[in-house]
Amino acid sequence: MKRYLIPALGLVVWLTGCEAPAAGGRIVVGESTDFGVLLPVIETSALDGEINSQLYLSLNSAGWEDGSVVYSIDDLSLAERWEYGPDSTTLTYFIRPGAVWSDGHPIDAEDVVFTFELVRKPEIASPYIDSWENLDSVVAASDRQVTFHFKRRYPGMLFHTGIGIIPAHVYAASAMDNATLASHPSLVEPGVDLVVSGPYQVLAWDRGDRLVLSANQRAFTTKPRADTIVIRVIPEETTRLVEFESGTLDVVGPIPMERAADLESDPRFRVETVDDRLFDFVAWNGARFDPFREPEVRRALSLAIDREAVLAGLGIAAYAEPAAGPYPQIFTLLADPGLKPDPYLPDSARAILASVGWVDRDGDGVVERDGRPFRFTLMTQAGNQRRSSAAEIIQARYAEVGIDMQIELVEFNSLLGIVYGLYGLTEEEVGVVEGV
């Protein structure tokens, strides 16, 4: 993907003076979690990927534009161009002249071949092994020319060839399996000896505390504007914000949406919003509560939710919008612009419930059918203030139409276990799903 050093997707806050740091400047970023492995082929998280994209160049670059991924050659591309073969089942990249690793060793096609052959090994357990699903071979035609031979042509060819390339002369002797590769001395205690190709290199890494990046003096693409980036690991959200407001952090993100307005009103800070692909929703489990199986009941439940009130109550109306489906508008090729969120129509909700037999016959404020009150429990994540507060607002609106919804806050991993258990997944399968 397009390579920008952004702490996380969502709301990001900058000190006003940090929007264009002077050459040689220093930026301090607050992050919630530490990094895993600083090597693309075995990186363990999206955060690893953000950092590795600053350390290792890929053959191409990709950016999110108008709801789709657009590939290009730019200043952070290892290749200077690409060409398709006559039948589009081959893709040839031409590596930039003068491309070198941070130790001065030339970057050549053999590094590309080594990287992809490494990804191919099951014992490496690379997160990018699916790139070989339609790939037949990777061949170095010359020092600067590498050709990918595919089993068929398909839309993901540029995507699957966009892995960060690693130096063969460093890892070839130790790349037997994941454990051996991850325990390479340059990865266990990475510093300036970590051989990279991107605009930054690692100056120091004190695990669990901070990662310090410095400008790669041998970078052959555009030089980074900031000379040093210090990424501090501060797990507690409140502590990160306190440090930011006190001036010890220059950038922090994501921030709680309910704090955005306060920070935005302070002239010292700048809040940046980033279009995201996330949405919160309520899932109705018909296997546990029969009424949820009925389309009419689910329609009534939807019309009884005041989405605008939820956003206003959470103080996030300026940074979020009611969802009309599972595809946010950022997905212009998938989202239906004509599809609108359900309106808040409590009278219609009551009428629908009454039409299928849910009526308050005993006057206790809760509708019932066949002697059974419409009462259920909504489980949500403990410690997530946004979700628990939204649940309380929904609870109040449901009470107005005669539905008694209780709220149970469950620790996140326990909640995942409950959800996955409903689908009959094993513990091993749960681990796979959580790791996706």
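Rule-based calculations on the coordinates, nothing more; no lab input. The shown structure was predicted, so the numbers you read here are calculated from the model rather than taken from an experiment. Cβ placement follows ideal geometry from the backbone for every residue including glycine, while neighbour counts extend to all protein chains displayed.
Out of all DSSP beta bridges in the chain, what portion is antiparallel? Express it as a percent rounded to 5. All intermediate terms of the calculation are to be shown ahead of the outcome.
Numbers: 44 of 61 bridges.
The antiparallel fraction comes to roughly 70 percent.
What would the Debye formula give as log10 I(q)/I(0) at q = 0.13, 0.16 Å⁻¹ for the alpha-carbon point model of the stretch 33-233, no solvent?
Debye output, listed in q order: -0.69, -1.06.
Taking the chain as the reference, fit the longest principal axis to its C-alpha atoms, fit the long axis of helix 46-55 to the helix C-alpha atoms, and give the angle between the two in degrees, 0 to 90, nearest 10.
So the helix axis and the longest Cα principal axis differ by about 20 degrees.
Per DSSP helix of 4 or more residues, -39500 (n - 2.57); summed, then divided by the residues of the chain. What does that give at 222 nm, rounded to the nearest 500? Present the calculation step by step, with values, prior to reporting the outcome.
On the way: 14 runs with 120 residues, N = 436.
Estimated from H runs of four or more residues: -7500 deg cm²/dmol.
Using Cα springs under 10 Å in a Gaussian network model of the chain, which residue among Asn134, Asn413, Asn60 shows the largest mean-square fluctuation?
In this elastic network of the chain, the residue with the biggest mean-square fluctuation among Asn134, Asn413, Asn60 is Asn413.
Mind ordering 254-260, 364-370 by average Cβ neighbours within 10 Å, highest first?
Details: 254-260: 18.3, 364-370: 14.3.
Most protected by this proxy first, the peptides run 254-260, 364-370.
Quick check for me: using +1 on Lys/Arg Cβ and -1 on Asp/Glu Cβ, what's the dipole size of the chain about its Cα centre, in debye to the nearest 20? Don't jump to the answer; show the numbers that get you there.
Values: 36 positive and 65 negative charges, 134 e Å.
About 640 debye.
Of all DSSP beta bridges in the stretch 33-233, what percent run antiparallel (nearest 5)? Mind dumping the intermediate values first?
Details: 34 of 35 bridges.
Beta bridges within the stretch 33-233, antiparallel portion: roughly 95 percent.
To one decimal place, what orientation-averaged projected area in nm² is obtained for the convex hull of the Cα set of the stretch 187-244? Before the final figure, lay out each step's value.
On the way: hull surface 18.8 nm².
Its Cα hull, projected and averaged over all orientations, spans 4.7 nm².
Can you list the aspartates and glutamates whose alpha carbon sits under 18 Å from that of Lys340, skipping same-chain ones fewer than 8 residues off?
Asp280, Asp306, Glu308, Glu321
Give the peptides 156-167, 280-291 in descending order of average Cβ contacts within 10 Å, highest first. Each step should come with its number before you reach the end.
On the way: 156-167: 21.0, 280-291: 12.4.
My ranking of the peptides, most packed first, is 156-167, 280-291.
Could you work out the Kirkwood radius for the chain, taking every pair of different alpha carbons, averaging 1/r and inverting it, reported in Å?
Working: mean 1/r = 0.0399 Å⁻¹.
About 25.1 Å for the chain.
Pick from Thr377, Thr248, Thr92 the residue whose mean-square fluctuation is largest in a GNM of the chain, springs joining Cα atoms under 10 Å.
Thr377
May I ask for the angle, rounded to the nearest 10°, between helix 412-422 and the longest principal axis of the chain, with both axes built from Cα atoms and the value confined to 0 to 90°?
Orientation of helix 412-422: about 70 degrees from the principal axis.
Would you work out which of Ser246, Ala179, Thr228 lies farthest towards the positive end of the dipole of the chain? Charges go on Cβ: Lys and Arg +1, Asp and Glu -1.
It is Thr228, whose Cα lies furthest towards the positive end.
Taking the Cα centre of the stretch 290-435 as origin and charging only Cβ (+1 Lys, Arg; -1 Asp, Glu), how large is the dipole, in debye to the nearest 20? Each step should come with its number before you reach the end.
Working: 13 positive and 23 negative charges, 74 e Å.
Dipole of the stretch 290-435, to the nearest 20 debye: 360 debye.
Could you pull out every residue, at least 5 positions away or on a different chain, whose amide H is within less than 5 Å of the one on Val28? Hs are placed 1.01 Å off N in the peptide plane, and Pro or chain starts have none.
Result for Val28 returns Val230, Asp250, Val251.
For the chain, set up a GNM with springs between Cα atoms under 10 Å and report which of Ala62, Ala399, Ala99 has the largest fluctuation.
Comparing Ala62, Ala399, Ala99 in a Gaussian network model of the chain, the most mobile one is Ala399.
Distance from the Cα centre of the stretch 373-392 to that of the stretch 131-153, in angstrom?
Here the two parts' Cα centres lie 50 Å apart.
So how far, in whole Å, is the C-alpha centre of the stretch 245-283 from the one of the stretch 54-108?
About 33 Å separates the Cα centre of the stretch 245-283 from the one of the stretch 54-108.
Mind checking which aspartates and glutamates have their C-alpha under 19 Å from Lys121, skipping anything on the same chain fewer than 8 residues away?
Qualifying aspartates and glutamates at Cα under 19 Å: Glu43, Glu110, Asp111, Asp130, Glu133, Asp136, Asp177.
Using DSSP, restrict attention to beta bridges with both residues in the stretch 290-435 and report what percent are antiparallel, rounded to the nearest 5. Intermediate values should be presented prior to the final figure.
On the way: 3 of 10 bridges.
So the antiparallel bridges amount to about 30 percent of the total.
Any idea what angle helix 237-246 forms with the longest principal axis of the chain, computed on alpha-carbon atoms, 0 to 90 degrees, nearest 10?
70 degrees
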